[in-house]
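Reading through the structure tokens given below for one structure.
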Amino acid sequence: MKRIQTTASRVAIKKKNRAPSQISKEAFLNLGQKLSSANTAKDAARIILKAADKLLGWECAYLYVYSPPERRIYPVLLVDIKNGRKVEFPSTYTPYKPTALVQRVLSGGAQLILRTKKDLSSHGMIPFGDTSRLSASIMIVPIRRKTRITGFLSIDSYAHNAYDAEDLETLQSLADHCGGALERIAAQEALRENEQKLRALATRLQTVREQESLRMAREIHDEMGQAMTSLKIDLLWLEKKIAASEKGIEPLVNRIHSMVEVTDTAIKSVRKICTELRPRILDDLGLVAAIEWQAREFERRTGLACKIRVPKKPLSLDAERATVVFRILQEVLTNVARHASAHQVSIALREAESNVTLSVQDDGRGISEAEVGSTKSLGLLGMRERAFAFGGEIKITSARNKGTAVSVRIPLHSKTNGSVLNHESPDRR
């Protein structure tokens, strides 16, 4: 029968067979290499706790980050034994003020707690995990970046007297080697969070802009368009009446005729403004009809031949995504007209594998990698952001004097990313 080693027995064997300084150097070198590849605080915490387990052994452990300005603790990783294996426990205490134990670490440094069999006090710890038993040996150390405390690392054992002062020093050295990596990761996560917020704001602003364009287009069409049409009808009526009444008023008839022409021009301008603000065909007939209309308008305006390949059936696409695809097409065609020196453009729209894909190919001069990646290419940047907001992507391929191909893929439905943890009920320490 296989004998299960306890934390205390494993620690005893390690202490007997190793030189602490040599193991520490090897472990810390390996730790630094692994931490350099960690992208999240939880990934880093897993690496740190694994290193602590290899060095000292533990059955229960946690890593928190600490915000001095807020004086708040943010749990990153809580691990305890459940059904004979180590399980990550979700925290229900995010964030919270420093506990009594953490206060002692903040003021006095690393703490070693060795419970007696009769000691049932909490020692200022917050419970989580397996509440059926208490940790007998506990070490908690601050994670420091220079002189600033940025977090806390704690490992526990159910065995009595499993750790000593030398172990506490080793754990503190381990924590000190992690401060820089955790600070780097915290900065990266803050940057990613800010980027997500900015993208969400840009998406919201774009949505509001489209809604406002739709409202303005309808109001201009319904109010000004109808008023101008009514004015034109009245002028035509007046022109006919005056022309039929008496002779000698030809100049007046000519003036009214001129006013009718001006009114006609104004009506066309109103329609053009409404269309540019928000093509009604997109809302009334859908994306396929809007793309066909846009292609015909592009041909009429530029004189370039435009080939179209679109589905015969309506797409399973909501209004917001249809707007994104249509606006990207408009931007691509604008770039072709301004910069490509092309003779022909091909547009293809298809729906497959829960995605809608728009492809635009021209036979112009091509676009360089520098132009594609330039921060001054606001049109390209805007297209990417529009697609990214809905989990999509844009690919641009080009060759000198062989044209440019732009491919846009947008999921038909939102995609949620993220991992599902093995959720167990918290509460033990």
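The values are calculated or read from the model by the stated rules, or taken from the named source; none is laboratory data. These numbers were taken from a predicted model, which means no experiment stands behind them. Quick reminder, even Gly has a Cβ in these numbers, built from the backbone with ideal geometry, and neighbours come from all protein chains shown.
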Query raised in the report: Is it true that some residue in region 341-349 is surrounded by 15 or more Cβ atoms within 10 Å (Cβ to Cβ), in contact with a Gly (Cβ under 8 Å, 6 or more places away or on another chain), touching a residue at least 24 places away in the same chain (Cβ under 8 Å) and not in a helix (DSSP H, G or I)?
Result: yes
Requested in this report: Give me a count of the residues in region 357-401 that are of a type in the set (V, I, T) and modelled with pLDDT under 85.
Outcome: 3
**Report entry** Residue list for region 297-314, filter: surrounded by 12 or more Cβ atoms within 10 Å (Cβ to Cβ), without any contact (Cβ under 8 Å) to a residue 12 or more places away in the chain and either part of a loop (DSSP other than H, G, I, E, B) or touching a strand residue (DSSP E or B) at 6+ places or on another chain (Cβ under 8 Å) (or both)
**Finding:** E299
Report summary line: With the first residue restricted to region 212-241 and required to be under 24 Å from I281 (Cβ atoms), and the second required to be at pLDDT 65 or above and outside any helix (DSSP H, G or I), Cβ contacts under 9 Å at 6 or more apart or on different chains are S213/R278; L214/R278; R215/R278; M216/R278; A217/R278; A217/P279; R218/R278
Query raised in the report: Restricting attention to region 56-93, and to residues there that are closer than 27 Å to D164 by Cα and of a type in the set (G, A, S), which single residue is surrounded by the fewest Cβ atoms within 10 Å (Cβ to Cβ)?
Result: G84
**Report entry** Selected residue (criterion: farthest from the chain's Cα centre (by Cα)) from residues of region 131-144 that are surrounded by fewer than 23 Cβ atoms within 10 Å (Cβ to Cβ) and modelled with pLDDT of 75 or more
**Finding:** A136
